Structures are given as C-alpha cells and as structure tokens.
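Working notes, structure below.
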Amino acid sequence: MRATARVEAALARIAATDGRVNAFTAVLAERARARAQAVDARGLEGPLAGLPFAVKNLFDLAGLPTLAGSRIERTAAPARRDALLVRRLEAAGAVCVGALNMDEYAYGFTTENSHAGPTRNPHDLARIAGGSSGGSAAAVAAGQVPLTLGSDTNGSIRVPASLCGVFGLKPTFGRLPRTGTYPFVASLDHLGPLAQSVAALAAAYDAMQGPAADDPAQAPRAAEPTLAGIDHGSAGLRLGMLGGWFRQMALPAATAAVERCAQALGVTRVVDWPEVERARAAAFLITNAEGAALHLPDLRRRAHDFEPLSRARLRALVARPLPRRRAAARGVARAGAAPAPLVCAPGGGELRDGRRAAGPRHPVHRAADRHRMARHRWPAPVRPRQPGPADPARLLHRAAGGHRAAVGPRSGPAAAADRRPGHRRPLARGPVPARRPRARGPGARAGPRRASGMKGRR
Amino acid sequence: MDPRRLDDLLDAQCALLGLGLAAEHRPGVIRYLQLARDLAALVMDFPLEPADEPGTVFVPVTPRHRRVEDA
C-alpha cells in the first residue's frame, strides 16, 4: 500500500476514535501528507516505508513546543528540528502523524493528565491506559497507528504496553540516543518503540540504532540488527526465568502466566538477582534527586502550574537529604533477560477523573513498582497475552470476561457489531474531559528556547 | 525518625531553597518524604567502600542462575 493511503487511513482512524481515547495531543495532518507524498515519489522500500507512527510528546517535533505532558512547556519556544529518533525513522520511510499524551514530565503511571485530559484504555474506556507513555500504548491498541515511540525511566513503556495489550521494547540502557527529547532522570531514561507486531518493533529498533555523540549515556557499541533474526525462534538465545523477589512478590495469576511463557520457550534456568529490593529503593531515590533538581526553578516560580500529584512528589524530593544521591547510585549499580511479571492488578485500573489530586497512589502503582523498578537498565520486551488492536467485534465476544467494547465505529463486521442490540458505548457512561485545541501543523515560529529549556536534550 | 522531625526538615528545606508550600499541599509532601525516608534507610544500610563508584556506562553481565527444577 502506498504511503499516502496508509497515512490517510491513520488520520481517518484517529479522527474517528480519538475523541474517546484521547491518545493524541497534536495531529500533524499536513506534514504527514506532504512526507507521505515524498516517500511515494522516491519509491522507498523496506519494512518502515510509508508506515504511520506517532511519538510521546516529550520528543521534539519541529514547529511544536515539546510539552512533556506539562502546562508549563506550552509557552516554550517551538522545537527547531525533530528528535533524532524521529529523523531516523523518517529516513527509513516512516511518516510521523502526531504527538501523544503522557503523564506530566513522565512522572506517573496512569496518564491521567489534568492538562490534556486522561488517555483511556481502548479495550475499556473506563480504565487507565497506564503511563507515562499512555498515549503511545493506547494509540497502537486503538489501531490509530501501528507504531509509536515512548520513554521508560521506571516502567513507562513496560506498564502501558502491558495494560493496553501491545508489544513494547525498553532497550538496554544506552542503546538508543535520547537527543532531542525532554529528560526526566538522566541516569535511567530510555527511549523505545511500541507496536502492533514484533516485526514492526524490530524494524523500528534497527532503524533507530547507531551512535550519537551528543548523548553521553550512549554505549560504544555497533548497531546490532534484529529484524533478520526474529523468525529463528529461541534457538541460540540464553533464556532464564527471574526468581527470588520477582516470584515472592507476584500474584498467582502473574506467576502462572510467566510459567506458561517459560514453558513455551523451554526455559531451564532460574535467575536470581542480588539486592533487588535495595536496587528498587535506590532507583526511587535517584529519580527523586534528579527529577527534583531538574524542576526546582519551576517549583519556585510557578508551582501552581504543575500537576497536583507531581507537585507534591517533586516538593518532597527537593527536601530530601542530598548525600543519599551518591549512595543510591552505587546501590543501583550493584543490582543485576528473563521472563517476569510486570503488572497484575485484578479488578484495578479504573480512571479516577477529578479524584487524582486528593487521592493516594493509584493501585496500579503499587502493583507495578514491585517489579519494574528493580530492573533498571536491563532490556525489557513486553508481549501482550492476546495481540491485536481493540476491536469491538472481537471484544464483544469476550464480554463475559469483563471487557467492554470501546473503539469504533469501523466498517464491515465491526460496524455491524457496534450496532448490535445491547452493545454499550462506554463513553456514554461518563463525561469526556474537555480537550484543548489540536495543533494542525508545524508553525513558522522558531527561536531560542527559554532559559529553562536547558532541561531539554539538544 | 520522629515524624515531627520530617515537618521540621520540610520547613527548613523550604526556607533554604525559597520554596513556598501551601497548607493543603503539606500532607502530600510529608507522605512522600516518609516514603523516601524509609527507602533511603534501606539503601544506606548497604555496606559500601570509599572506592565503590557507579558505572557511567552500563554493561550487562551474565547473572547467577540455577535450574528450574531446583527453584
């Protein structure tokens, strides 16, 4: 299929569904159409040629302010050029169609963003999409785009990919350059793809690898292509199953899923990482120290513009005793690829519109951070139990399992299913939060970023 | 640590750093301070030598393992 046709299909799907999912904060229709025409004109071929994709809105997109989920950055100068990973994907023929919702400054796991409204899980609009790359996971799950980019500091690709049932990859720390993205915790920030298939994930990862002198965390390693090897099965791979802390803290349903996965892969080894609980604590403290230092100027000047929960956390972080940063860094360096559960919170995951500021942490935080925060810097692929976008026709057949059809309408059988008696449209059960106007294309403004724009990686 | 000491710490740090803190935000900040305090105790309890330093470039190593049937 030609790039122009694929981009038009993506734009149509976004227009039809995003009023309910709220994955996008900017749709770049004009830019995407122009670039798709250029891809067709050049006759580009390859797995990414003409593939529409979108990025978490902490990636620079030329002409747009890089929001990082915040209200504060709306007044920042527009980015002068795209983030490096966006440029690399487009050089391979992919076409960026927009920017995606996220937790403010990537500090959260629910994408209940009070500035842009919450992103809703396409499989059940009453539930969260996870975060902080919630828009990235929801856009794939809703069938809006087959590929997105997100970031992962403490689980922000792994958690939403898991909750939205899509494939995700948090690569090993230092493998993908972060140039042109808004940072959170420099010691732990990773970028990575989310996709509808392993093949798209691998193709995107391959296109994005390569050195970048301006990211000091980049490992000095040559690119290691993966796409050609994905049909080889598990032969030649070293596989193990995480034991210890990961087994002790997992709920039975998660343990059973891990064992099924390990059995399918022929895993014969259990891997025990030392000091996992302490490493998790160290990661929390490193996040505190670096995140608070990053935002201290804005906490002083305009604390009222922060997300309420972020504000409380960041203020607490600023007040922590300083010497612990070094000890924490040394602790996390000591803690040490294997299947392990990520998130298992039966009955949880409901959106808490309007209740976030006063409430405690979302239950998904507690369910997820037992596992994710103890695995920093290691690679972490996420595989859905039942791959495939949210599809009203398919989901209706699973109604007994508690799922509710969410995304539509579509043409053909899916549209017929939408009209079926008894089919509930979840959005009718509650008000949709007000959306701010979408940016329709790159603006002409370009100028120096404001002083605190030093926070961005350029 | 006496919980009241966290209040004292918060007041002192806010004054030092020039941070305002509205009364309604105080409980949330104290809650996260308590969490950080507890986790910091766990980290600080780990014995480290003066020469122990964090690695600036991450290099994965092969972890210890045992057989599944022995787990």
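The values are calculated or read from the model by the stated rules, or taken from the named source; none is laboratory data. None of these values were measured; they are calculated from a predicted model. Positions of Cβ are generated from backbone atoms using ideal geometry, with glycine treated the same way; all protein chains shown enter the neighbour counts. To get the accessible areas, we keep the full protein, side chains included, count just its heavy atoms, and leave off ligands, DNA and RNA. Shrake-Rupley method; radii C 1.70, N 1.55, O 1.52, S 1.80 Å.
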Peptides ranked, highest mean first, by Cβ atoms within 10 Å: ranges A:241-252, B:2-13: A:241-252, B:2-13
Nitroxide proxy distance, nm - points 7 Å out along Cα→Cβ at A:A126 and B:A15: 5.1
Geometric extent, Cα atoms of the range A:30-100 - Rg, Dmax (angstrom): 12.9, 42
Two-site label geometry, B:V59 and A:L44: point separation in nm, points 7 Å out along Cα→Cβ: 3.6
Residues in the range A:252-282 that a label on A:L239 would reach, taking backbone N under 15 Å of a point 7 Å out along Cα→Cβ: A:257-271
GluC sites (Glu not before Pro) restricted to the range A:1-81 and DSSP loop, no more than 16 other C-beta within 10 Å: A:E45
Debye intensity ratio I(q)/I(0), log10, the range A:15-150, q values 0.11, 0.15, 0.20 Å⁻¹ (C-alpha model): -0.37, -0.67, -1.12
Accessible area buried between chains A and B, both sides summed, probe 1.4 Å, in Å² to nearest 100: 4300
Percent of Cα-Cα distances greater than 14 Å, calculated over the range B:1-62: 71
Within the range A:260-286: backbone nitrogen closer than 17 Å to the A:E224 label point (7 Å, Cα to C-beta): none
By accessible area with a 1.4 Å probe, ligands and nucleic acids excluded, highest first: order of A:V198, A:V270: A:V198, A:V270
Estimated distance in nm for a label pair at A:R80 and B:A41, the labels positioned 7 Å out from Cα along Cα-to-Cβ: 5.1
Segment A:A256-A:A9, length gained on full extension (0.36 nm per residue, minus Cα span): 85.0 nm
